[in-house]
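The values are calculated or read from the model by the stated rules, or taken from the named source; none is laboratory data. This structure is a prediction, so every number in the text was calculated from the model and none was measured. In this analysis, Cβ positions are derived from the backbone assuming ideal geometry, glycine residues included, and neighbour counts consider all displayed protein chains.
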Amino acid sequence: MEEKLDNLRNQCFAAVQDFEKALDIDLTRLDAQLIDVIQNGQVQKFEIAVEICWKTIKQFLYEIHGFDLASPKMVIKKFFELGYLQYDELDVFLHALDIRNSCNHIYNHSVFVELYKQIVEYRGFFPRIIQRLE
């Protein structure tokens, strides 16, 4: 079982690192079409990071604490209850799940722009959280 958790941890670290690197791209010197493509990629990296993070935490809670939880929000709330997250981090993580869910339903450019502004604020958040899984 521990092998599954180690695998997920490695995937999680890689996904978070990819998201962080994607946010390092300087968009100021690029044309609008390229900016749009890069921003869409950054959003996808965010979605992947959120997905693999909650699934890694789910496996962590199962293997370390014996909790077998199904939904992402239940997993994050239990992670908080066990002391791995501060209250403000709980809110931020739950909001990340909401953003991830909203990304699947973007049909309007202004909605995309608003979600993108929120996503870039997650720089540095996931690396702090996944350190607690070691």
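Restricting attention to region 98-111 and to residues that are more than 17 Å from the chain's Cα centre (by Cα) and assigned to a helix (DSSP H, G or I), the residue that is surrounded by the most Cβ atoms within 10 Å (Cβ to Cβ) turns out to be V111. Within region 84-97, not a single residue is in a loop (DSSP other than H, G, I, E, B) and either touching a strand residue (DSSP E or B) at 6+ places or on another chain (Cβ under 6 Å) or of a type in the set (V, I, T) (or both). Pairing each residue of region 63-74 that is of a type in the set (S, T, Y) with any residue that is at pLDDT below 95, provided the two are 6+ apart or on different chains, yields no C-beta distance under 7 Å.
N40 meets the conditions (1) in a helix (DSSP H, G or I); (2) within 20 Å of A96 (Cβ to Cβ); (3) modelled with pLDDT of 95 or more in every case but one. The failed one is (3). Inspect all residues belonging to region 115-127 and state whether any of them is closer than 23 Å to A22 by Cβ, over 11 Å from the mean Cα position of the chain (by Cα), surrounded by fewer than 17 Cβ atoms within 10 Å (Cβ to Cβ) and among the acidic types (D, E). Within region 115-127, one or more residues are closer than 23 Å to A22 by Cβ, over 11 Å from the mean Cα position of the chain (by Cα), surrounded by fewer than 17 Cβ atoms within 10 Å (Cβ to Cβ) and among the acidic types (D, E).
Taking E51, is it surrounded by 14 or more Cβ atoms within 10 Å (Cβ to Cβ), over 29 Å from F112 (Cβ atoms), of a type in the set (D, E) and touching a residue at least 12 places away in the same chain (Cβ under 8 Å)?
On the way: surrounded by 14 or more Cβ atoms within 10 Å (Cβ to Cβ): yes; over 29 Å from F112 (Cβ atoms): no; of a type in the set (D, E): yes; touching a residue at least 12 places away in the same chain (Cβ under 8 Å): yes.
No; evaluated as a whole, the condition is false for this residue.
Of the residues contained in region 64-74, one or more are found to be among the charged types (D, E, K, R), surrounded by 13 or more Cβ atoms within 10 Å (Cβ to Cβ), in a helix (DSSP H, G or I) and under 16 Å from the mean Cα position of the chain (by Cα).
From L30, L5, which residue is outside any helix (DSSP H, G or I) and either closer than 19 Å to I129 by Cβ or hydrophobic (A, V, I, L, M, F, W, C) (or both)?
L30
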